[in-house]
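Data block below; observations after.
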Amino acid sequence: MMWNTDLVEMAGIMGKLGAGDERRDEAVEAVLSKQGENGRWKQENQFSGRFITTVETDGRESRWVTLNVVRAFRSLME
């Protein structure tokens with residue numbers, strides 16, 4: 001059994017749980033620090049070798065990472 005998570009997912013979970021403390025704020029700041037000049041985020045890591053195909057390339061802007069960040073931040077604002 002294995003589970004892998006990241007700051008974006010954790011920020012979204014904290015938002016859904018209504019958790020609001022300095023740890024959440026630190027996670028948000030860490031995610032925001034990685035935002036590109038055009039407002040998007042890059043693919044940093046992926047489950048290499050676990051999928052049949054590569055969806056996006058590490059180091060390039062990612063619409064999926066950006067979408068997940070927007071979803072996580074939205075849950076923090078609700």
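The values are calculated or read from the model by the stated rules, or taken from the named source; none is laboratory data. Since the structure is predicted, the reported quantities are computational estimates derived from the model, not experimental observations. Neighbour counts run over all protein chains shown; Cβ positions are idealised from the backbone, glycine included.
Results, tabulated for the structure shown:
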read-out	value
Residues of the stretch 20-43 satisfying the condition of being at pLDDT below 90, within 24 Å of MET77 (Cβ to Cβ) and outside any helix (DSSP H, G or I)	GLY20, ASP21
Which numbered condition THR5 fails, given (1) more than 10 Å from the chain's Cα centre (by Cα); (2) modelled with pLDDT under 80; (3) exposed (fewer than 10 other Cβ atoms within 10 Å of the Cβ)	(1)
Extreme residue, farthest from MET10 (Cα to Cα), among residues of the stretch 44-63 that are modelled with pLDDT of 90 or more and not basic (Lys, Arg)	GLU61
Where a residue in the stretch 56-78 is at positive phi and of a type outside the set (S, T, N, Q) and its partner, wherever it lies, is at pLDDT 85 or above and surrounded by 14 or more Cβ atoms within 10 Å (Cβ to Cβ), with Cβ under 8 Å and at least six apart	GLY59/LYS42; GLY59/GLN43
Selection within the stretch 11-40 - without any contact (Cβ under 8 Å) to a residue 40 or more places away in the chain, closer than 21 Å to GLU56 by Cβ and not basic (Lys, Arg)	ALA30, LEU32, SER33, GLN35, GLY36, GLU37, ASN38, GLY39
